Amino acid sequence: MAWDEWEQLKAQAAERQSTQMQLNQLDPGDGSPGTAGGPSRYGDLKVANASLTKIGKSAHDLYNALWDKARVAVPSSESAAGSLSQQGFALGGGLRHVSNRWQEQLKSLMDACAQITNHLQVTKNIHSGDENYIVRQMSSIALLDAGFDDRVGQPGKNNPVYGGKNAKEE
């Protein structure tokens, strides 16, 4: 009885599913029906989003601006704080405290900008490598599948994947 039930479940599953693999595509969310340029021969797995590129560039530009302009104030502030402290002004200690906090916050902000830029670049490279790997795997699967399918090629002819007949076979 259990065997009959198993066979029935297998038959129902076979009716619901096609034997072909199907890759669906998600809506990119920008109102367009698909990816720009349409799907390629092997399908699309892309991380070439212009918005992400702009974010990475903005983070890099901000990092450079902070490096060039915000760091300039640190040595002069420390010098002024030291000079004021030597002259007996309590303001020197306060200025040193502000300068130290400025350095800490500046370093934190610059680290965040660098992390955003690097993460977006690494992510793009990783996904590009994944895409190349998937394309290679799908290509080899299609070739292997064609080799096992005797129906590939012209009706009445042998599958070209196996090659032609040699003189010994005839």
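The values are calculated or read from the model by the stated rules, or taken from the named source; none is laboratory data. All figures in this text were calculated on a predicted structure; none of them were measured in a lab. Every residue, glycine as well, gets a Cβ built from its backbone with ideal geometry; the counts of neighbours run over all protein chains shown.
Considering (1) at pLDDT below 80; (2) in a helix (DSSP H, G or I), the lone condition that GLN115 does not fulfil carries the number (1).
Okay, residues lined up against (1) among the basic types (Lys, Arg); (2) over 30 Å from the mean Cα position of the chain (by Cα):
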residue	(1), (2)
LYS69	yes, yes
SER77	no, yes
LEU106	no, no
HIS119	no, no
ILE126	no, no
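For segment 85-129, the tally of residues that are over 19 Å from GLY56 (Cβ atoms) and of a type outside the set (Ser, Thr, Tyr) stands at 21.
Against the conditions (1) of a type in the set (Ser, Thr, Tyr); (2) closer than 30 Å to LYS54 by Cα; (3) in contact with a helix residue (DSSP H, G or I) (Cβ under 6 Å, 6 or more places away or on another chain), where does SER99 fall short? Just the number, please. In the conditions (1) of a type in the set (Ser, Thr, Tyr); (2) closer than 30 Å to LYS54 by Cα; (3) in contact with a helix residue (DSSP H, G or I) (Cβ under 6 Å, 6 or more places away or on another chain), SER99 misses (2) alone. Would you be able to say whether some residue in segment 29-44 is more than 22 Å from the chain's Cα centre (by Cα) and modelled with pLDDT of 55 or more? Within segment 29-44, not a single residue is more than 22 Å from the chain's Cα centre (by Cα) and modelled with pLDDT of 55 or more. Residue count for segment 97-127 under the criterion of being exposed (fewer than 13 other Cβ atoms within 10 Å of the Cβ) and in contact (Cβ under 8 Å) with a residue 12 or more places away in the chain: the result is 1.
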